[in-house]
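> Have a look at this one.
The values are calculated or read from the model by the stated rules, or taken from the named source; none is laboratory data. In this text, all values refer to a predicted model and were calculated from it rather than measured experimentally. Because the Cβ atoms are built from the backbone with ideal geometry, glycine has one as well, and the counts that use them run over all protein chains shown.
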Amino acid sequence: MKERTYSFFKMNRLILVLLCLFFATNIYAQNREIRGMVTGDDNEPLAGATITIKNRQGGIIVDIDGKFTIKAKTGEILVVSFLGMKKQEVKIDNKDFYAIKLLPETNEFDEVTVVAFAKQKKESVISAVSTVNPQELKVPSSNLTTALAGRMSGLIAFQTSGEPGKDNAQFFVRGATTFGYKKDPLILIDNIELSTDDLARLNVDDIAQFSIMKDATATALYGARGANGVILVTTKQGTAGRPKVSVRVEQSVSTPRKKVKLTDPVNFMKLNNEAVNSRRDPNNPAASANYTVYSQEKIENTIAGTNPYYYPAVDWYDELFNDYALSTRVNANLSGGGSAVRYYVAASYTKDGGVIKNDKLNNYNSNINWQRYSVRSNINMDLSKTTEFAIRVNGNFDDYTGPLDSGEGLYKKVMKTSPVLYPKSYPATDEYANNTHVLFGNANKGAYINPYADMVRKHFMKLVKPTDHKFAALHGAVWSGGSFVYVPPHVSVEIPLQSYFRLNAPGAGQFEHTLIIVDEGADLHFIEGCSAPKYNVANLHAGCVELFVGKNARLRYSTIENWSKNMYNLNTKRAQVEEGGVIEWVSGSFGSHVSYLYPMSILKGRGARMEFTGITFAGKGQDLDTGAKVVHAAPDTSSFMNTRSISKDGGVSTFRSSVSVTKEAKNSRSSVSCQSLMLDSISRSDTIPAMDIRTKDADIGHEARIGRISDEAVFYLMSRGLSEEDARAMIVSGFADNVSKELPLEYAVEMNNLIRLEMKGSIG
């Protein structure tokens, strides 16, 4: 009994203790009023400072005297912040009053601003300078310009395209109504003026400081170029200490913001019929009330899916585009150094894909694949206590593959194309069983747009139009295959590409088409050979060559034509050269009964250049009318023509040159040199220059020489043991050396052999 009584009292004591703890906890957890004052390091009140309770919503603002009152629990944490000051956290204890002092932010990024090749304290800069933390620019995008929108007041930035390589954002620092509307601001990266493209390709991991000057003070510092604002970017530098390595890998998915919903094929036909009937002219007796564009039979068979090739129902958007595109970004950097030398080295890789589908039936990849490789090296060396030597080296290398038509262009064509007129493509029948290309669908002899086909067609018959002359029209109507070459930007093809055309049927025509596109900064040497056996009937060659040379690109196009003497060679060749591009023509023309061949170069961009080197050999019964044409359509362009012509046994050789200089082509230069060699007294050689100069600022020259083989030279070679025939052939080969030396060895040997064959029996 005593034991039970003792336990009862012991239990009561335990319950009492628990109750006391419970009430104590409730008292401890209750909110109480906390008062305080917030000042700066100068003991002045910081009116407007913000005070919040950590991990709780809401907060208060300090009054004009720097004082505040807030309800909080013991143990909670007050977070005090003010612009330009370090954020401070204060834990609530048993005190009722808290004096809080905030210290200025000591971050070098905020305190120091780069201004006109120097650094100033931020408080000493009177101009409007906005700084952006580089960490805020780390967005899921490969283009830095797209990350600027919404980062600061007064900056307007917008994107007109999300296509890889064409996704630069347009931005205005001082508003859309700024001086010189749509003028870009001055962009300085490490105090070097660069373009918007350079800013777009800058890796955000390499940025140490990013600031923008927005007001008129920028003009005083940087001149007129700063009138539209100045963007100042400073890249990272190495710091003394142990090497530091940083690696960042990202992958993002991009999707169209909005997909336009189109009506289904059946409703498309019904609505089309309704629209046609509603617009009938009631006063026209020929207008039938029952007229329809699409018959009821076609509509019903389309619904039933009877024959998808005869009754097509094509969702062109779904056939051509995916729902998303993938992007991959990899960046690695290494920094460090000692007391005298510091370094920062970085490399990055970016891969952006497009949303264009790649059909397995194709033997090519039609989707966009844009890859960029970037390297940067920043080295700082202390030459003395007061002198520092800085080295800044960076490079960007782009590799682009994709359709000739842009993604935007394909989208527009999708919107214009009928979904029920023809299928995307046809299956290969027995006739085309070995075909490796897609048989694109179309109607009315190819008169309609097929977006699927237009992914690979953009430049065909655009430089040489069918309306140019009757042989161009004939070629455009009956062309029969040819060569298509596309060299992506900054790709150099080290080994020459070669093609060969041969006409094997008597009385036939050959209409091959050569289309070559050398994109920006690329390089290519293309060699084309042509020949035909000797037939007793006339043959026609009416080919077409279209050459597109991009900005700072180079294309050498070499041709050796060895036709039979009954061939009519009526070829059309044309090249368009962009800024800084180079087109080099090397032409050797042999055989054919009649030739009309004048390769034309359009120097469209500033600093574009053309060189033409050619040779013709006209024998008995031959009339070779050849030459070259050039149009200087931009400033600082240049052209040079150097030709050789040989005639024997009554052959006629005519050289025509045409030089046109527009009013815009200031400081252009052109030189034409023609040398003709007649091997007998019955042959003929003519030189017909034409010049159309529309500006005074041009340097144009023409030179022509006609002669025969020197008897002294023949006698000298014969004294060395050569026959007269071999001596004359050697002199002619030397005369054609300017062309042969421009050809690869095997083609140079072939051309010299052709000359020797033409020289057989040429004594006298």
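> Do any strands (runs of 3 or more DSSP E) entirely within the range 594-639 hold 1 or more residues that are at pLDDT below 90, of a type outside the set (Asp, Glu) and surrounded by fewer than 21 Cβ atoms within 10 Å (Cβ to Cβ), and if so, which?
594-597
> Give me the pairs: first residue in the range 513-530 and in the same structural domain as Pro488 (by TED's automatic domain parsing) and under 19 Å from Glu578 (Cβ atoms), second residue of a type in the set (Val, Ile, Thr) and surrounded by fewer than 21 Cβ atoms within 10 Å (Cβ to Cβ), beta-carbon distance under 6 Å, and six or more apart or on different chains, which are they?
Correct list of pairs: Ile516/Val485; Ala522/Val491; Leu524/Val493.
> Still on this structure: So in the range 694-725, with the set limited to residues that are assigned to a strand (DSSP E or B) and among the hydrophobic types (A, V, I, L, M, F, W, C), which one is farthest from His632 (Cα to Cα)?
The extreme case among them is Ile706.
> Right, another one. Evaluate the following for Val493: is it in the same structural domain as Val652 (by TED's automatic domain parsing) and closer than 30 Å to Asp399 by Cβ?
Yes.
Per-residue answers, yes or no, for (1) touching a strand residue (DSSP E or B) at 6+ places or on another chain (Cβ under 7 Å); (2) in contact (Cβ under 8 Å) with a residue 40 or more places away in the chain:
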{"site": "Val537", "(1), (2)": "no, no"}
{"site": "Ala542", "(1), (2)": "yes, yes"}
{"site": "Asn552", "(1), (2)": "no, no"}
{"site": "Asn569", "(1), (2)": "yes, no"}
{"site": "Val577", "(1), (2)": "yes, no"}
{"site": "Gly580", "(1), (2)": "no, no"}
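> Could you tell me whether Arg656 is surrounded by fewer than 24 Cβ atoms within 10 Å (Cβ to Cβ), assigned to a strand (DSSP E or B) and in contact (Cβ under 8 Å) with a residue 40 or more places away in the chain?
yes
> Any idea which residue in the range 673-703 is surrounded by the most Cβ atoms within 10 Å (Cβ to Cβ), counting only those that are at pLDDT 85 or above and among the hydrophobic types (A, V, I, L, M, F, W, C)?
Taking the candidates together, the pick is Cys674.
> Which residue, of Gln88, Gln57, is within 50 Å of the chain's Cα centre (by Cα), surrounded by fewer than 10 Cβ atoms within 10 Å (Cβ to Cβ) and modelled with pLDDT of 75 or more?
None of the others qualify; the one that does is Gln57.
> Separate question: Could you give me the residue pairs with C-beta distances under 6 Å whose first residue belongs to the range 719-735 and is free of Cβ contacts under 8 Å to residues at least 40 places away in the same chain and over 19 Å from Asp680 (Cβ atoms), whose second residue is among the basic types (Lys, Arg) and surrounded by 15 or more Cβ atoms within 10 Å (Cβ to Cβ) wherever it lies, and which are 6+ apart or on separate chains?
Listed pairs, sorted by first residue: none to list.
> A further question follows. When residues of the range 59-70 are filtered for being in contact with a Ser or Thr (Cβ under 7 Å, 6 or more places away or on another chain) and either among the basic types (Lys, Arg) or more than 16 Å from Thr39 (Cα to Cα) (or both), how many remain?
1
> Here is a further query. Among residues belonging to the range 516-532 that are under 25 Å from Ser564 (Cα atoms) and of a type outside the set (Gly, Ala, Ser), point out the one that is modelled with the highest pLDDT.
The extreme case among them is Phe526.
> Next question. For Ala347, indicate whether it is at pLDDT 80 or above, touching a Lys or Arg at 6+ places or on another chain (Cβ under 9 Å) and of a type in the set (A, V, I, L, M, F, W, C).
When the stated conditions are applied, Ala347 passes them.
> Report, by residue number, each residue of the range 343-358 that is under 30 Å from Lys416 (Cα atoms) and either assigned to a loop (DSSP other than H, G, I, E, B) or without any contact (Cβ under 8 Å) to a residue 40 or more places away in the chain (or both).
Of everything in the range 343-358, those that are under 30 Å from Lys416 (Cα atoms) and either assigned to a loop (DSSP other than H, G, I, E, B) or without any contact (Cβ under 8 Å) to a residue 40 or more places away in the chain (or both) turn out to be Gly354, Val355, Lys357, Asn358.
> Anything in the range 315-342 that is within 21 Å of Thr235 (Cβ to Cβ) and not in a loop (DSSP other than H, G, I, E, B)? List them, or say none.
Arg329, Val330, Asn331, Ala332, Asn333, Leu334, Ser335, Gly336, Gly337, Val341, Arg342
> I want to confirm something. Restricting to the range 490-512 and keeping residues that are within 19 Å of Gly476 (Cα to Cα) and without any contact (Cβ under 8 Å) to a residue 40 or more places away in the chain, which single residue is surrounded by the fewest Cβ atoms within 10 Å (Cβ to Cβ)?
The selected residue is Ala508.
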